[in-house]
Amino acid sequence: MIGPNPDETEKNSNLNSIRSGQVTMRTETRETVRVMEQLQGSDASFVAFETPSTPMHIGSILIYDPSTAPGGFVRFKDILAFMRSRLQLSKTMRRRLVRTPFNIDYPYWVEDANFDLEYHVRHVALPKPGDWRQLYIQASRIFARPLDLSRPPWEITVVEGLDNVEGIPKGSFAMLTKVHHAAVDGASGVDLLEALHTTTPQPEPLTTPDTWKPDKFPNYVGMFAKGYARAWVNPIRRLSVSAQSVPGVYRMARGMVRGDFGMKAALQAPKTAFNGKVSPHRVIDGRVFELKHIKAMRALSEGAKVNDVMLSIIGGALNKYLEAKGELPEKSLTAAVPISVRTTDEKNAMGNQVAAMVAPIGTHISDPVERMVFVHEQTQRSKAMTNAMGARQMSELSKTSPALFMALGAQMFSRFSLADITRPVINTAVTNVPGPPVPLYSCGAKLVSMQGMICLFDGFGLAHVVQSYIDEATISFTACRDAMPDPEFYAQCIQQSFEEMANAAGIDLAQPKPSMPKAQVRRKSAARGGNSRIETSAKRSPA
């Protein structure tokens with residue numbers, strides 16, 4: 001950020017910033033003093049876990065209908081001009097990472113003097129026939145490639161040639177986005193999405209001038225000195241944060257004694273094919289549902305939330321998938337469910353403000369109603385334990401992890417393939433990203449579909465993104481191709497699990513919503529019949 005008063009900024013000593021845990025570096029120009037932000041805790045862990053096989057970025061598949069744009073079409077140069085005009089709305093797009101010498105401290109964010117928009121925005125076309133399968137294969141290949149961390153850690157690939165993607169208007173194009181997880185979490189990722197979109201096809205141009213200026217590259221000696229000083233002060237910070245955690249630990253212990261919640265079910269995660277060392281290859285697929293149907297399924301268990309319904313659907317899908325493979329464990333698989341602790345003041349801040357709860361998802365239960373009741377009960381117990389500990393406090397505690405040991409531990413875990421020989425605590429992840437409830441437009445083209453993509457690492461070969469947009473909800477997943485060579489079959493399992501829960505809740509899926517475009521009705525009915533394009537997407541393909 002840019003300090004408004006250079007003289008006042010210079011009065012702040014580096015020692016005070018180190019004691020407060022908000023270490024900053026300054027680069028001076030004639031007009032201003034820039035304060036460079038430093039990664040903290042979980043943000044830095046995503047950088048530490050980055051390897052060629054485990055790129056730690058997240059992303060989306062966004063599909064647009066250009067008929068709403070001026071003239072009814074959008075050119076690639078129009079997209080570039082639109083993004084260039086809105087760069088000032090996003091902190092992420094022109095910042096790059098700078099690591100400290102010997103990883104003695106967390107990396108810094110630096111305004112990149114060599115930023116080149118055309119490097120980050122690419123343009124490709126789908127090969128024939130240009131259907132869902134081809135789109136998912138293209139997304140899988142692009143998403144598997146690591147980002148260049150010597151540049152701002154994001155890419156957008158514009159994809160044309162979607163004329164045979166069923167349920168999508170003719171002439172549509174897609175954007176495949178990739179953003180490093182160190183820069184965004186689910187909540188701030190939506191903020192980045194909003195920075196590249198408008199709520200009307202022809203918005204008023206921005207009137208605020210773009211005052212962005214690049215930083216001078218930081219001095220390595222200075223970064224090492226600050227990191228060395230922080231290494232001495234950090235134990236004091238850890239003691240302080242740990243002391244603040246004592247009431248939470250007491251509440252957790254008291255709750256366990258009283259039986260309000262327990263950790264037994266959450267800590268009995270079985271070993272599956274998804275919990276070993278991951279390959280560099282990815283597969284991606286998903287399903288789209290009507291949000292009103294998801295909400296109606298909450299009636300299967302009194303007091304249940306939408307998140308409980310989604311976890312139950314995923315639990316049922318894994319039950320079907322693993323049973324078909326002859327690999328269904330007797331005990332339930334567990335899922336890590338991130339919880340945002342981002343405050344309103346932190347809405348546009350970079351980085352991650354998340355904690356997580358661990359919950360069994362009922363994969364050992366085939367009956368949809370019993371599974372829903374089980375999942376709801378387990379999530380309530382997990383939430384109670386997380387609330388007792390304090391989700392925000394858990395997030396703050398992660399910010400005191402020593403950077404050097406974090407990097408060494410991540411390298412050892414990957415190099416010695418420890419995921420293959422250790423028992424997992426968590427089998428998969430399910431992250432819930434609330435999307436915008438109103439239509440969005442980019443360069444005048446209407447956003448008609450969105451699905452999430454998520455990073456994997458050793459021990460986590462399968463992860464899900466639950467996302468909503470207007471009146472639809474999607475469950476998409478990213479998997480290691482070696483662990484799941486048939487993603488289209490798992491997508492069918494998700495569809496079948498959804499339909500079983502809908503039938504149990506007395507929901508009539510044969511009646512489409514009146515506002516649904518005709519093409520989307522055909523896509524959904526085809527999915528129910530098992531002949532949809534999406535059901536053959538992302539088949540195993542050569543790397």
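The values are calculated or read from the model by the stated rules, or taken from the named source; none is laboratory data. Everything numeric here is computed off the predicted structure, so don't read it as measured data. Using ideal geometry, Cβ is built from the backbone for each residue, glycine included, and neighbour counts are taken over all protein chains shown. Each accessible area value is taken on the protein alone, full model and side chains, heavy atoms only, with ligands, DNA and RNA left out. Shrake-Rupley method; radii C 1.70, N 1.55, O 1.52, S 1.80 Å.
Find how much the distance from Thr200 to Arg84 grows on full extension, using 0.36 nm per residue of separation minus their present alpha carbon separation; answer in nm with one decimal.
39.9 nm
Calculate, for Glu330 and Arg415, the FRET efficiency according to 1/(1 + (r/R0)^6) with r their C-beta to C-beta distance and R0 35 Å; round to the nearest 0.05.
The value I calculate is 0.60.
Taking the DSSP beta bridges in the stretch 116-179 as the whole, what percent of them are antiparallel, to the nearest 5?
That works out to approximately 55 percent antiparallel.
State, to one decimal in nm, how far the label point of Ala296 lies from the label point of Lys170, with both points 7 Å from Cα in the Cβ direction.
About 3.3 nm, to one decimal.
Full-extension gain between Lys305 and Ala125, please, as 0.36 nm times their residue separation minus the C-alpha to C-alpha distance.
Computed gain between Lys305 and Ala125 is 60.8 nm.
For Asp210 and Glu118, what does the FRET efficiency come to when R0 = 25 Å and r is the distance between their Cβ atoms, rounded to the nearest 0.05?
Between Asp210 and Glu118 the formula returns 0.90.
Run the accessible area of the stretch 119-231 with a 1.4 Å probe and give the carbon-and-sulfur part as a rounded percent.
Percent of accessible area from carbon and sulfur atoms in the stretch 119-231: 57.
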